[in-house]
Structure formats: structure tokens, C-alpha cells
1. Check every one of the strands (runs of 3 or more DSSP E) wholly within the stretch 13-105 and list those with 3 or more residues that are within 20 Å of Glu3 (Cβ to Cβ).
2. Give the residues of the stretch 16-60 that are within 16 Å of the chain's Cα centre (by Cα) and farther than 27 Å from Leu81 by Cβ, sorted by residue number.
3. Is it the case that Val4 is open to solvent by less than 70 Å² (accessible area, probe 1.4 Å), in a helix (DSSP H, G or I) and modelled with pLDDT under 80?
4. If you scan the stretch 83-114, which residues turn out to be open to solvent by less than 30 Å² (accessible area, probe 1.4 Å) and touching a Phe, Trp or Tyr at 6+ places or on another chain (Cβ under 8 Å)?
5. Considering the stretch 36-58 alone, what residues qualify as being over 17 Å from Pro15 (Cβ atoms) and either surrounded by fewer than 18 Cβ atoms within 10 Å (Cβ to Cβ) or of a type in the set (Lys, Arg) (or both)?
6. Check Val78, Val117 and return the single one that is open to solvent by 60 Å² or more (accessible area, probe 1.4 Å), touching a Cys at 6+ places or on another chain (Cβ under 9 Å) and aliphatic (A, V, I, L, M).
Amino acid sequence: MGEVFGAAPLLVPVPRSSRTVDGGIWPAYNIASALVANAIGAAVLPCLQRVNALPKSAFATLGSRPKPLDHYESITAVKMLADRQEFCLVDDVITKGATLLAAASRLREMYPNANIVAFTCPHNGFRG
């Protein structure tokens with residue numbers, strides 16, 4: 001955990017597969033906020049937004065999962081004031097990594113000199 005959070009990075013929640021709505025549930029944002037509330041990470045920086053909804057990867061059938069380019073094209077980044085160059089993408093689960101790859105790519109465009117790492121919550125395996 002020290003390698004991910006040791007530099008007190010800004011925590012960037014990864015967008016859901018759907019567009020964010022006011023008052024809606026955003027698990028990655030909730031996780032990032034809980035981490036900061038427990039002095040893990042410097043602050044939450046919600047600078048990535050989903051502009052086009054995609055099918056949820058975890059429930060997609062074989063061969064129909066959105067590709068990294070699909071995620072990249074459906075996420076936008078907004079440059080926000082950042083007092084450091086350490087960022088940690090936060091997500092609730094990784095299926096194949098396509099969303100994280102797209103999110104990291106968009107974040108890199110906004111902060112080209114940034115050190116970017118990622119964190120997801122550990123779980124006990126998929127229960128379907």
C-alpha cells in the first residue's frame with residue numbers, strides 16, 4: 001500500500017460505465033472519499049467523466065466487452081487545479097483493465113508529467 005499511497009496522491013475516481021447523474025451512485029468516488037477521510041490520499045479529484053454510456057464489462061458476453069478504445073472515446077478529462085503530480089486512479093473492480101487503461105490515458109493527456117498508479121478494492125472473487 002505504501003507504493004500506491006506513500007506520496008499522498010490525488011485520488012481520481014474512475015467513471016462508471018454509465019454517465020454520472022446528480023445524486024447517483026458512483027462507487028469509485030465513494031471509495032476515494034472514504035480513503036481520504038481516513039488520511040489515505042491527499043484529496044479526491046473527480047476530473048474524469050463518462051460522456052457516452054457503454055455496456056457494463058462485467059456482464060458483457062464473450063466478445064462483446066467494450067475495448068480500451070471504446071472506453072477512451074467515451075471518457076473526457078477536465079484539467080483541475082492540482083498541487084502535486086502524483087495521481088491514483090480508484091475503481092471498485094477491474095474486469096480486464098480496459099476502463100483503467102482509458103482513464104489513465106485521458107489523465108496523462110491532462111497531466112503529462114504525472115506519476116499515475118491505480119487502486120481497486122480487494123474482493124473474494126466473482127460470485128455470479
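1. Numbers: elements: 48-50, 75-77, 86-91.
Hits in the stretch 13-105: 86-91.
2. Within the stretch 16-60, Ser17, Ser18, Ala53, Leu54, Lys56, Ser57, Ala58 qualify.
3. Answer is yes for this residue.
4. Phe87, Cys88, Leu89, Val90, Asp91, Ala102, Leu107, Tyr111, Ala114 - these are the residues of the stretch 83-114 that are open to solvent by less than 30 Å² (accessible area, probe 1.4 Å) and touching a Phe, Trp or Tyr at 6+ places or on another chain (Cβ under 8 Å).
5. Matches in the stretch 36-58: Val36, Ala37, Asn38, Ala39, Ile40, Ala43.
6. Answer to the selection: Val78.
The values are calculated or read from the model by the stated rules, or taken from the named source; none is laboratory data. These numbers were taken from a predicted model, which means no experiment stands behind them. Please note: Cβ atoms are built from the backbone with ideal geometry, for glycine as well, and neighbour counts cover all protein chains shown. Remember, those area values only see protein heavy atoms, side chains included, never the ligands or the DNA or RNA. Shrake-Rupley method; radii C 1.70, N 1.55, O 1.52, S 1.80 Å.
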